[in-house]
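The values are calculated or read from the model by the stated rules, or taken from the named source; none is laboratory data. Remember, predicted model here, so these are calculated numbers, not experimental data. Note: ideal-geometry Cβ built from the backbone for every residue, glycine included; neighbour counts use all protein chains shown. For the accessible areas, the whole protein counts, side chains as well, though only heavy atoms, and no ligand, DNA or RNA atoms are used. Shrake-Rupley method; radii C 1.70, N 1.55, O 1.52, S 1.80 Å.
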Amino acid sequence: MESYLFTNVEAAADTLVVEGWHKPGTLTRSSGAWIHAAGSAMLEAGEYTTALEVVNEAGDVVKSLALTIVVDSHSLPTVAEQKFHLDFWQQPYAVSRYYGVERWSDEHIEALRPYLQALGRAGQRVVSAILFYEPWGEQTHDLFDPMVQTTKKTDGTWAYDYTIFDKYVELCNEYGINKQINCFSMLPWDMSFRYWDEASESYKNLSTSYDSAEYRELWTSFLTAFKAHLQQKGWFEKTVIAVDERGEAAMLKAYEIANGLGFKMALAGNYHGSLCNILYDKCVQLGQEGRFTAAQLAERKAKGWVTTYYTSCANAEPNIYTNSFPAEAAYLPIYAAKMNLDGYLHWAWMNWDEHPLTDSRFRKFGSGDTYCYYPGNRSSIRFERLIEGIHQYEKIQILREEYAADADKSYKLNTLLGRFVGSIAGQNCAAVVNDLENFLNGMEVYVPEPPTIATGYYHMMSKATARKEHLYNDATHTGNGNRLTLQSNAMVNTNNGIWHITSLGGGKVGIKNGDGNPIVAGGAGASLMGSYSQLTIASTLENGGTTYYYFDAALNCSANNSSYMVGGTEHLTTWASGPATADDNLWRFEPVSVEGKTIYEVIVDHADGYVIYNDGTTEQKAFNGGFFITDGAITAEQLSAAILDNELKD
């Protein structure tokens, strides 16, 4: 396929660039269009009619199309009130080069205004500030000059000029881009820091490593002075020291220096559990967002921290390339809502190449990866559809709260969101986006009746029979301090291998093990991923007369991997980025007959206390809320009490 930009390069500003793709020799005159009309919060709910008129160059109407607009009773928040965290990294130097003006001159500032206004209209939250020359190793057409001028004086001390930094932050603030100032970078890709050397009257580079004494000295001096300046301006609390795609060890060293001076930090890069608990702004690449646990996300949100994901040239679909399907752009913010993330990041918004109006390719990057907004203040369908997706994100937040007490509507919303998965073919995005948007806008959308599991007692097994597919609990197992659910090759017929399911309606079921604990998933190193006393059925799969269930918690039967073992035994995990049809993400329930049986519920008033039942053949344990299923009455002689670590307390 070839990408193309279909536009009149002499067209007036404030128009739309129509993009697309075609097979060589098959380009037609037909293309898409986008109509943007500002809404008004003053409109009452109801149905309105208007006309769309197509006019020629003389202003004559050549075609008129009647439009019906339905205004819902809900109101979207203003851009300033949006919850969505949009982070497009800016490139102000592309603007100065394209318009042939001096960097940071009055003409440059004026040229930047319409672009920042457009970015602010989308809900951009973050200022991209450059502290040292070229944090990314010269991978863009226009190189990044620093916004803070660093000088090494003849006496060996450092001095700093914040004139450009202040000018850019204040300019962004005029257009509502004022929640956060991300400053790049303590860890540039080549670990080189350019400064003006007063003694030689020339620029010099300090090439160093993150664990060197000179690195610590450079940044301690820089950040100490920077903090004083930010406090004077009233910006310190919203300033974040930002890093792009650097490793865990380097981040921890940089964090030690920055946080020691009170700065918050951000990283767009790989998931690291150690960094989730310390970084204010954590963004992972599409494909790793499922590694955040529900507990981590809840804790970060409670602290007011930011958790997002990004796409880059490493992600084919979905993305916002020139030749991406338009619905992919709308898909991305909605997927953030599905994963309970705060927003979306893209590394470039207007990193224009040499001929941005006629060819959006640049070096190794996918066509359009470096920009989705064009010179002449021209928008694009992919940028406008991304804004559309942000609006859907806001609607989802409103309706999640509104539907909290409505199991049917909540189920329908969650089911439609469940169709949004990490990796999806671009051509499939439109269907899932359209169905969800129709539902959000109050239209009827077919959603199958919610699946359920009848209330009763069951053995729970994975469809991945090549793995240890039977689930059971054993909180007293060696090293199992998180009480992770374990896996076995054979069915466990004692109480800790039996699960009580309660049908709650709306696709939800309650789940409790006979040992009294819920179902618990763990990550690498037996870390806690999630504890679930309730599960939501996201989808089902019929196979050979058996129903298999996929849960939105993405419960996963781990493979024979030492990283997912506790005390030498494999444990349950999660795989949110895996498909709903993967055998190791699917579960079946085999009923346990209790006809003619006696069921005893265990009540223990100590969190770590448990009851032991020994019928002379087997020994079973149950914490508070657990149960024993027996053929007859239990005698006092068959029971004893215990506590974890064998410390019995009254």
- Once normalised by the length of the chain, the mean sequence separation of its alpha carbon contacts under 8 Å that are 6 or more apart gives a contact order in percent of 10 percent
- To the nearest 10 degrees, how steep is helix 326-338 against the longest Cα principal axis of the chain, on a 0 to 90 scale? 50 degrees
- Query: Got a number for carbon plus sulfur as a percent of the stretch 563-650's accessible area, 1.4 Å probe?
  - Reply: 46 percent
- From the P(r) of the stretch 571-650, can you give the percent of Cα pairs sitting at distances over 20 Å? 52 percent
- Query: How long are the three semi-axes of the equivalent ellipsoid for the stretch 277-335, computed from the Cα gyration tensor as the root of 5 times each eigenvalue, in whole Å, largest first?
  - Reply: 26, 11, 9
- Note on the structure: In the stretch 440-484, the chymotrypsin sites (Phe, Trp or Tyr not before Pro) that sit in a DSSP loop and have at most 14 other Cβ atoms within 10 Å of their own Cβ are Y446
- Translational diffusion coefficient, Stokes-Einstein: compute it for the stretch 293-364 using the Kirkwood radius over C-alpha pairs as Rh, at 4 °C and 1.567 mPa s, and state it as an integer in µm² s⁻¹. 91 µm²/s
- How much of the accessible area of the stretch 117-272, in percent, comes from carbon and sulfur atoms when a 1.4 Å probe is used? 46 percent
- Item | Tail fraction, Cα-Cα pairs, the chain, threshold 44 Å, whole percent | 34 percent
- Message: Output needed: percent of Cα pairs per 10 Å distance bin for the stretch 203-343, bins running from 0 to the one holding the longest distance.
- Response: 10, 34, 31, 19, 5
- Message: Could you derive backbone 3J(HN,Hα) for the stretch 219-228 from the dihedral phi with the Karplus parameters 6.51, -1.76 and 1.60 (θ = phi - 60°), listing whole Hz in sequence and x where the residue is Gly or Pro?
- Response: 7, 5, 5, 4, 6, 4, 5, 4, 4, 4
- Find, among the trypsin sites (Lys or Arg not before Pro) in the stretch 128-229, those assigned to loop by DSSP (not H, G, I, E, B) with at most 11 other beta-carbon atoms within 10 angstrom. none
- Message: To test your reading of the geometry: what angle, between 0 and 90 degrees and rounded to tens, separates the Cα axis of helix 106-122 from the longest principal axis of the chain?
- Response: 30 degrees
- Item | Intensity falloff of the stretch 117-233 expressed as log10 I(q)/I(0), Debye formula with alpha-carbon point scatterers, at q = 0.10, 0.14 Å⁻¹ | -0.33, -0.64
- Query: Which of the listed residues, G269, F325, P92, is farthest toward the dipole's positive end in the chain, when Lys, Arg count +1 and Asp, Glu count -1 at the beta-carbon?
  - Reply: G269
- Task: Divide the volume of the convex hull of the Cα atoms of the stretch 268-406 by its number of residues and quote the answer in cubic angstrom per residue.
- Result: 125 Å³
- Please report the orientation-averaged projected area of the stretch 201-259, defined via the convex hull of its C-alpha atoms, in nm². 5.3 nm²
- Query: Over the stretch 477-552, what percent of the accessible surface lies on carbon and sulfur atoms, probe 1.4 Å?
  - Reply: 46 percent
- Which value does Rg/Rh take for the stretch 453-511 over its C-alpha atoms, Rh per Kirkwood? 1.01
- Message: I need the per residue convex hull volume for the stretch 460-557, using only the alpha carbons, in cubic angstrom as a whole number.
- Response: 109 Å³
- Angle, helix 407-418 long axis vs. longest principal axis of the chain, Cα atoms, 0 to 90°, nearest 10? 60 degrees
- In the stretch 551-650, which GluC sites (Glu not before Pro) fall in coil by DSSP and have 11 or fewer other Cβ atoms within 10 Å? E595, E647
- Item | Å² of accessible area per residue within the chain, as computed with a 1.4 Å probe and no ligands counted | 45 Å²
- Query: the stretch 500-585: Rg/Rh from Cα coordinates, Kirkwood Rh?
  - Reply: 0.98
- Query: Quick one: Cα centre-to-centre distance for the stretch 453-487 and the stretch 328-374, in angstrom?
  - Reply: 42 Å
- Query: Got a sec? What order do S207, S379, S200 fall in by accessible area at 1.4 Å, biggest, i.e. largest, first?
  - Reply: S207, S200, S379
- When the dipole is taken about the Cα centre of the chain, and only Lys, Arg (+1) and Asp, Glu (-1) are charged at their Cβ, what size is it in debye, to the nearest 20? 320 debye
- Note on the structure: Rounded to the nearest Å, the spacing of the alpha-carbon centers of the stretch 565-635 and the stretch 75-95 is 49 Å
- Run through all the Cα pairs of the stretch 29-158 and give the fraction in each 10 Å bin from 0, expressed as whole percent. 9, 22, 24, 23, 14, 4, 3, 1
- Query: Taking Rh as the Kirkwood radius, which is the inverse of the mean 1/r over Cα pairs, what is the Rg/Rh value for the stretch 403-465?
  - Reply: 1.08
